[in-house]
Amino acid sequence: MKIAIIGAGFGGMAAAFDLQRAGHKVTIFESADYAGGLASGFKEPHWNWSVEKFYHHWFQTDKPMLDLIRELGWEDQVLFPRPLTVMYHAGQFHPFDSVLKMALFPGLGWGVDKIRFGFVGLFLRLTDNWKALEKITADAWMLKWAGKNVYQKMWEPLLVGKFGPYYKEVNMAWLWARIKARTTRLGTFQGGFQNFADKFAERLRMMGVEIRLQTRVKFIKPAPDKGLLVDAGLIESFDRVLVTTSPYLLARICPDLPENYLQGLLKLKSMGAVVMALSLKRQISEQGYYWFNLPKEEGYPFLALVEHTNFVSPENFGGDHIVYAGDYLEEGHEYFSMSEDQLLERFMPAFKKFNPAFDKNWINKIWVFSTNYAQPVPLVNHSKNIPSIETPIAGLYFASMSQVYPWDRGTNFAVEIGRRAARLMLA
Ligand SMILES: Cc1cc2nc3c(=O)[nH]c(=O)nc-3n(C[C@H](O)[C@H](O)[C@H](O)COP(=O)(O)OP(=O)(O)OC[C@H]3O[C@@H](n4cnc5c(N)ncnc54)[C@H](O)[C@@H]3O)c2cc1C
């Protein structure tokens, strides 16, 4: 079969790997001039490693991702350090990445709240019944079982930060999945995620996959006889097409989809993200903290501060210290239209809260990255609203972040859904 894949992100490339190996002729169309999609990175000339545009790491439970790396023979290039995550309480940051540290966290006091927090966490780690949990919002479930104090201190800030105006509508299965599948050791690839994407793209080319970078697909149409027509400047015919973009983009490039499928795509909600990456002359968290969870109500202008070089060594970046300040935001938020300088002005006062000595002179360079499709929003009974991978148009398949569920989206699940789509296409 002649197969087209739209998107050279982790999902599209994983699907291409299986489809080409099964003996088919695969062409990947990618609008950017690089592979890697949302997990792509960039590099300064004096850096040995690339840095992701949006902070990225793997968990030890990311089986599909780690299995794929093993199949590619690159498992010796995966690193799993144990960086430190901290939570805010009363003007200070406290380690929060093990049961012991959670038990010692002063934010919940030493009484019934800590016990409720512990029991709720234990229940969620042990249960597999996410189908019952998706019927209720995380807000309502946590208020009932963890109680107002625990919820407002621990979970509400996370929901507000990630889902903004939708935070009261997100279902409890999403929160369950986060608690269930995360590990304290976090993984990365030697050279950064972009190095993995480049190596993977190179391997696919060697296998015979054609990857057309800087080639935007404008529309997909059923062909009059059989198969599908793909227009990316030149109209070509394919037996099967897999789209890995956002649902809104699929709706735009394939308006021939039946009305109910189209409406299903357009009804899905998601949040965008704006992330500032900074290269600094000095370390910002001298305690070596990697991930700072920040409550919005304390006036921080972003959701998380992530010091990447407290996760991987600054030696990989010519001694530069790499820090991210990032936030999930709804479409139209002012951050999307602010200049780099305006955003820096807004963020600067907060940097001093992590290190009072912080000064503008520490900054070598800043970059601002944004995307309007960063985090799908799973509402109550989301499983009933997920568009099928096999679309109603014969030969047209769709595998995106919005169909990853109940787990939270990530490169691991992009690989899983990409390979699942490939199996369906081969069936
Ligand atoms: C802020 C942030 C933090 C994240 N943190 C993590 C993390 O720590 N760990 C983790 O594993 N994951 C993380 N993720 C999620 C992860 O990046 C995604 O789940 C994953 O990269 C999605 O892969 P994909 O292949 O499904 O889609 P994408 O990576 O979005 O790939 C789709 C591709 O399609 C291309 N495309 C779009 N339109 C067209 C067109 N018309 N024609 C041709 N090509 C087109 C795009 O350029 C893109 O390359 C994070 C994401 C964000 C935004």
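The values are calculated or read from the model by the stated rules, or taken from the named source; none is laboratory data. What you see is a predicted model, and the numbers here were worked out from it, not measured in a lab. Reconstructed Cβ throughout: ideal geometry from the backbone, glycine too, with neighbour counts over all protein chains shown. Heads up: the accessible areas ignore ligands, DNA and RNA and are worked out on the full protein's heavy atoms, side chains in. Shrake-Rupley method; radii C 1.70, N 1.55, O 1.52, S 1.80 Å.
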(request) Using a 1.4 Å probe and ignoring any ligands, DNA or RNA, find the accessible area of Lys63 and quote it in Å² to the nearest 10. (result) 130
(message) At 1.002 mPa s and 20 °C, plugging the Kirkwood radius over alpha-carbon pairs of segment 57-208 into Stokes-Einstein gives what diffusion coefficient in µm²/s?
(response) 121
(message) How large are Rg and Dmax for segment 184-339 when calculated on the C-alpha trace, in angstrom?
(response) 21.4, 65
(request) Can you sort Ile220, Ile386 by 1.4 Å-probe accessible area, starting with the largest? (result) Ile386, Ile220
(request) May I ask for the percentage of alpha-carbon pairs in the chain that lie more than 31 Å from each other? (result) 42
(request) Using only the alpha carbons, work out the radius of gyration and Dmax of segment 282-333 in angstrom. (result) 12.9, 38
(message) Against the 2.2 N^0.38 Å scaling, with N counting residues, where does segment 202-287 land? I'd like the Cα-based Rg ratio to two decimal places.
(response) 1.64
(request) Would you calculate the volume per residue, in Å³, of the smallest convex hull containing every Cα atom of segment 22-80? (result) 144
(message) For segment 22-134, compute the orientation-averaged projected area of the C-alpha convex hull (one quarter of its surface), in nm².
(response) 13.3
(message) At 1.4 Å probe size, with the rest of the protein present, what percent of the exposed accessible area of the chain is carbon and sulfur atoms?
(response) 53
(request) Would you work out the charge dipole size for the chain about its Cα centre, treating the Cβ of every Lys and Arg as +1 and the Cβ of every Asp and Glu as -1, and quote it to the nearest 20 debye? (result) 920
(message) With every protein chain left in place and a probe of 1.4 Å, what is the accessible surface of Ile417, to the nearest 10 Å²?
(response) 10
(message) How big is the dipole moment of segment 126-272 about its Cα centre under a simple scheme where the beta carbon of each Lys and Arg is +1, that of each Asp and Glu is -1, and everything else is neutral? Debye, nearest 20, please.
(response) 640
(request) Determine the relative contact order of the chain: mean sequence separation of Cα pairs under 8 Å and six or more apart, normalised by residue count, in whole percent. (result) 25
(message) Probe of 1.4 angstrom, ligands and nucleic acids ignored: what's the accessible area per residue over segment 65-183, in square angstrom?
(response) 48
(request) Report, in debye and to the nearest 20, how large the dipole of segment 19-157 comes out about its Cα centre when Lys and Arg carry +1 and Asp and Glu carry -1 on their Cβ. (result) 580
(request) Compute, for Tyr34, the solvent-accessible surface of its heavy atoms (probe 1.4 Å) with the complete set of protein chains present, and express it in square angstrom to the nearest 10. (result) 80
(message) So with the 1.4 Å probe, I'd like the accessible area per residue for segment 257-334, rounded to whole Å².
(response) 37
(message) Compute the helix-to-body angle for 63-72: its Cα long axis versus the longest principal axis of the chain, expressed 0 to 90° and rounded to tens.
(response) 60
